[in-house]
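The values are calculated or read from the model by the stated rules, or taken from the named source; none is laboratory data. Fair warning: this is a prediction, and the values are worked out from it, not measured in the lab. Note: ideal-geometry Cβ built from the backbone for every residue, glycine included; neighbour counts use all protein chains shown. Quick note on the areas: whole protein, heavy atoms, side chains included, nothing else; ligands and nucleic acids left out. Shrake-Rupley method; radii C 1.70, N 1.55, O 1.52, S 1.80 Å.
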Amino acid sequence: MDTEIELKFLVSPEVGAQLSTQLQSYQILQQDQQHLANTYFDTADLALRKMDAGLRIRSQNGEMEQTIKLAGNQVGGLHQRPEYNVPLTVHSPDLSLFPARIWPEGLDVAQIQASLQPLFSTDFLRRRWLLAIDGTEIELALDEGEVQAGERREPIHELELELVKGDVSQLFELAEELVKAGGLRLGAVSKARRGYQLAGLSSSPRLCMLEPLALQPQDVCEQTMVALLHKGLRHWQHHEEGWLANASLEWLVQLREGVSLVHQTLLLFGELVSHRINSGWIDDLLWLQQQLSWLDRAQMLVHLTADKGHYLRRLDCRKTLVSQLLAQQAQLPDATQLRTLFYSPRYARLMLGLTHWLYRQDWRAGLAPAQTAQLAAPVAELARQRLDDSWHTLRHSALGKPELNGAQYIQQKGKLRRNLMVGLCFSDLYPETERMTFRMPWLDILRGIEDLDMLSPLLDLRDELNEQDAAELDEWLARKQRFLLEALEQSRAQALLLQPYWR
């Protein structure tokens, strides 16, 4: 058995041309290229897939080999999976050639063997380099070809960095050098998974809301921190893949939620492991959230222009407004710009840094005994402290003042989102009824602020209207603002009287 430790990147087509130049400064032990043809097998009911196992036969240079990859671990773009390889003389899989110990107890291997059938294939040219770096050997494999399922085809442009032997840190250092040129994006989706999706045997990514982490009061701080970071990264990458497959706004909104969870987790636990967190990540996470800050405006414009401006139906100047709002939409970042962001060096460096930190568990190195004890303590006390701090910050912000105007409410939108994210991080530690009784009014206030902010694009257009249309819009906006502010003030007054559920 071998255990793969590899980083997978999806790459833009031009990366292949520049890779040879990038590698000239390294010691190359071996270099070659091969044509690889792979056929993937499973049963009609996907018995292997349900075990998170993948079975293939690879043909190269007239020789065949069957491989099964079993369930492993994945962090960011780092993949670790046990695999077993056996040579074949015929192009037909034989599960009896694998060690019997790899199968779950009670599995009817003979029945699976009898039901195996080919599902999809991959066909690609692999250019390969074996590098030596300070006693570590790393294999780079650039794959270019296609996945095929029946008449359906998808291109393959992937780069894999696999640790052959030595220090895994060298794997990440090499990756950080390669991403500086751009065009690389850490990939969480294997060729096999893409093949299952292409064959219609595995569902495409589904949009999902960010849910609380399952927690118990006895869970320790370290365990909770790691689980929250993994959850945030998975949510982030899942919706990145979803957007690339289906470029709609909702995917980006949820991607931003995953980024926000990672950011908030580092802030919540930073004092416990402060000297082991790269401050550059915080800067990069803030940068990324700034790159996505236009999403709020985009959501407003989508709502205002939906169904030819149905929201504005009572305005005589609706057509003029919708036309101008659509022009604003056209100025927002497009799919090409977003793809450039996702393949940018800074984006890849951020994901690599977080992945490496989680893999090595770097926060443990050099900790003082008191810090080690804090990390091993139950998370319940830390949760109470952080929720208290967040609540104190909110109560002493404008949201705790006797009265607010529309502009003041809108200015507090980001602060309220962060406050609610802190609550989400620790939600499962507390009874749902008490928790939701407290959180729901604040969630309603956030939605009210978002509704109030929805009027901002219309305010921006006021000066472009003629006098009659401007007067009509002013009156309409005043009514909307008055109604929303009255509701917000009433909800906030009630919310500020509630007793915190964590005390």
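Each Lys or Arg adds one and each Asp or Glu takes one away; over the other residues whose Cβ falls under 10 Å from the Cβ of E6, this sums to -2. Once C-alpha pairs closer than 8 Å and six or more residues apart are averaged by separation and normalised to the residue number of the stretch 287-347, the relative contact order reads 30 percent.
In sequence order, the stretch 164-170 has phi-based couplings of 7, 6, x, 8, 5, 4, 5 Hz under the Karplus curve 6.51 cos²θ - 1.76 cosθ + 1.60, θ = phi - 60°, and Gly or Pro positions carry x. Extension gain, Q27 to E177: 0.36 nm times the residue separation minus the Cα-Cα distance gives 52.5 nm. Taking 11 Å as the cut-off, the amide N atoms of the stretch 424-453 that come nearer than this to a point 7 Å along the Cα-to-beta-carbon line of Q494 belong to 440-442, 444-445.
From the square roots a ≥ b ≥ c of the eigenvalues of the alpha-carbon gyration tensor of the stretch 421-503, which class results: rounded (a/c under 1.5), prolate (a/b over b/c), or oblate? Prolate. Would you please give the FRET efficiency between A71 and H303, computed as 1/(1 + (r/R0)^6) with r the Cβ-Cβ distance and R0 = 45 Å, to the nearest 0.05? After rounding to 0.05, the efficiency reads 0.60.
For the stretch 225-314, the dipole from Cβ point charges (+1 on Lys and Arg, -1 on Asp and Glu) about the Cα centre works out to 340 debye, to the nearest 20. Inter-label distance, S12 to V164: 3.0 nm, where each label sits 7 Å from its Cα along the C-beta direction.
When the helix-only estimate is applied to the chain (DSSP H runs of n ≥ 4, each -39,500 (n - 2.57), divided by the residue count), what is the mean residue ellipticity at 222 nm, nearest 500 deg cm²/dmol? After summing the helix terms and dividing by residue count, I get -16000 deg cm²/dmol.
Based on the reciprocal of the average 1/r between different C-alpha atoms, the Kirkwood radius for the chain equals 26.1 Å. What the Cβ-Cβ distance of S202 and M436 gives, at R0 = 45 Å and to the nearest 0.05, is a FRET efficiency of 0.85. Loop sites by DSSP among the GluC sites (Glu not before Pro) of the chain, restricted to those with at most 15 other Cβ atoms within 10 angstrom, leave 272-402 as the longest stretch without any of them.
Subtracting the Cα-Cα distance of D283 and E464 from their residue separation scaled by 0.36 nm leaves 61.4 nm.
To the nearest 10 degrees, how steep is helix 413-425 against the longest Cα principal axis of the chain, on a 0 to 90 scale? Taking Cα atoms only, the helix is inclined about 50 degrees.
Modelled spin-label separation between A327 and T89, with each label point placed 7 Å from Cα along the Cα-to-Cβ direction: 7.7 nm. If I take R0 = 22 Å and measure r between the Cβ atoms of L443 and Q216 in this structure, what FRET efficiency does the formula 1/(1 + (r/R0)^6) give, to the nearest 0.05? My answer for the efficiency is 0.35. Atom-type composition of the exposed protein surface of the chain places 48 percent of the accessible area on carbon and sulfur (1.4 angstrom probe).
Round to the nearest 10 and give me the degree value, 0 to 90, for the angle of helix 221-245's Cα axis relative to the longest principal axis of the chain. On a 0 to 90 degree scale, this one is about 90. Taking 32 Å as the limit for the C-alpha separation, the pairs K50/K413; K319/K413; K308/K401; K191/K231 exceed it in the case of K50/K413; K308/K401. Sort the stretch 47-193 into rounded, prolate or oblate with this rule: let a ≥ b ≥ c be the square roots of the eigenvalues of the Cα gyration tensor; rounded if a/c is under 1.5, and if a/c is not under 1.5, prolate when a/b is larger than b/c, oblate otherwise. Prolate, since a/c reaches 1.5 and a/b exceeds b/c. Averaged over its residues, the chain has an accessible area of 48 Å² per residue, based on protein heavy atoms and a 1.4 Å probe. Summarised in one figure, the compactness ratio Rg/Rh of the stretch 179-220, Cα atoms and Kirkwood Rh, is 1.19.
Using 0.36 nm per residue and subtracting the Cα-Cα separation, the extra length available between R318 and D428 on full extension is 35.0 nm.
Just to confirm the number: angle between the C-alpha axis of helix 467-495 and the first principal axis of the chain, 0 to 90 degrees, nearest 10? Taking the Cα atoms of the chain, the angle to 467-495 is about 80 degrees.
Each Lys and Arg adds +1 at its Cβ and each Asp and Glu adds -1 at its Cβ; summed about the Cα centre, the stretch 106-213 shows a dipole of about 440 debye. A Cβ-based charge dipole, computed about the Cα centre of the chain with Lys and Arg at +1 and Asp and Glu at -1, lands at about 840 debye.
Each residue, D108 and E486, gets one label point 7 Å from its Cα in the Cβ direction; the gap between the two is 6.9 nm.
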